[in-house]
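What follows is a short report on a single structure.
Values in this text are rule-based calculations from the coordinates and carry no lab data. All of these numbers come straight from a predicted model, not from anything done at the bench. Here the Cβ is made from the backbone with ideal geometry for all residues, glycine too, and neighbour counts use every protein chain on show.
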Amino acid sequence: MKALVVYSTKTKNTLKLAEALYDTIRYRKELKSITDKPDPEDYGFIAVGFPIKDGKPDPATMEFLPKIRDKEVFLFATHASARDSDLVKNAMKIARELAGKARIIGTFSCQGEVSAEMIEKAAAQSPQPPWLADAPSAKGHPDEKDIAELVHFFNEMTI
Ligand SMILES: Cc1cc2nc3c(=O)[nH]c(=O)nc-3n(C[C@H](O)[C@H](O)[C@H](O)COP(=O)(O)O)c2cc1C
């Protein structure tokens, strides 16, 4: 069985998690950007990483998830909002539903820093996006602790 770690990222927060997962997997594996349009049929296990955008997985991931059929899937995400927020829970629910033809074996998410420029842009919007209030606490994430937690969670799950 070959594993795929596929990620969507704009500012590399999700890429950090993807690289850590890739390093953790001990069998045949590939790390690909979602822009490479990997074919899910080529793999037995697929870890899909995405940033949450406007309360949902980002558009490229929304398009990719329904293409996965009968494969084991692990979903991971980064977001500005607090981990236990309804916004994050709802976005992960949307991702699960989109991957409805796959067998989801687990999910993980953590905060991901938003650039000062993007925070400024969001602050100028009316109404302001609901994730803005949590954005200051996302600074510096994903950090070493987030990554260690992801690796531990993944290893526990797949042993
Ligand atoms: C246009 C835009 C929309 C975003 N929407 C959300 C959102 O709805 N919820 C949230 O928690 N974070 C939101 N974020 C924050 C990103 O999800 C977060 O910074 C993420 O870690 C970015 O991942 P990346 O570096 O892999 O691109 C948004 C960021 C941008 C720039």
### Simple spin-label estimate for residue 85 and residue 122 in nanometres, 7 Å along Cα-Cβ
0.6 nm
### Query
Each residue of the stretch 68-80 in order: what ³J(HN,Hα) in whole Hz does its phi give by Karplus 6.51 cos²θ - 1.76 cosθ + 1.60, θ = phi - 60°, with x for Gly and Pro?
8, 10, 6, 10, 6, 10, 10, 9, 9, 8, 10, 6, 7
### Task
First measure r as the distance between the Cβ atoms of residue 144 and residue 36, then evaluate 1/(1 + (r/R0)^6) with R0 = 41 Å and state the FRET efficiency to the nearest 0.05.
0.90
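Could you tell me which of the pairs 67/89; 2/101; 53/101; 32/93; 12/93; 2/145 are separated by over 26 angstrom between their Cα atoms in the structure shown? Before the final figure, lay out the partial values.
On the way: 67/89 22 Å; 2/101 19 Å; 53/101 23 Å; 32/93 24 Å; 12/93 23 Å; 2/145 28 Å.
Violating the 26 Å limit, Cα to Cα: 2/145.
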### Task
Just subtract the alpha-carbon distance of residue 23 and residue 107 from 0.36 nm times their residue separation and send over the number in nm, one decimal.
28.5 nm
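Explain nothing, just the number: dipole magnitude of the stretch 3-151 about its Cα centre with +1 on each Lys and Arg Cβ and -1 on each Asp and Glu Cβ, in debye rounded to the nearest 20. Each step should come with its number before you reach the end.
On the way: 22 positive and 23 negative charges, 70 e Å.
Using only the charged Cβ atoms, the result is roughly 340 debye.
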### Query
Considering amide H positions built from the backbone, and no H for Pro or chain starts, which residues 5 or more places from residue 30, or on another chain, come under 5 Å of its amide H?
3, 4, 5
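State the volume of the convex hull built on the alpha-carbon positions of the chain, expressed per residue in Å³ and rounded to an integer.
On the way: hull volume 16.2 nm³, N = 159.
Once divided by residue count, the hull of the chain is 102 Å³.
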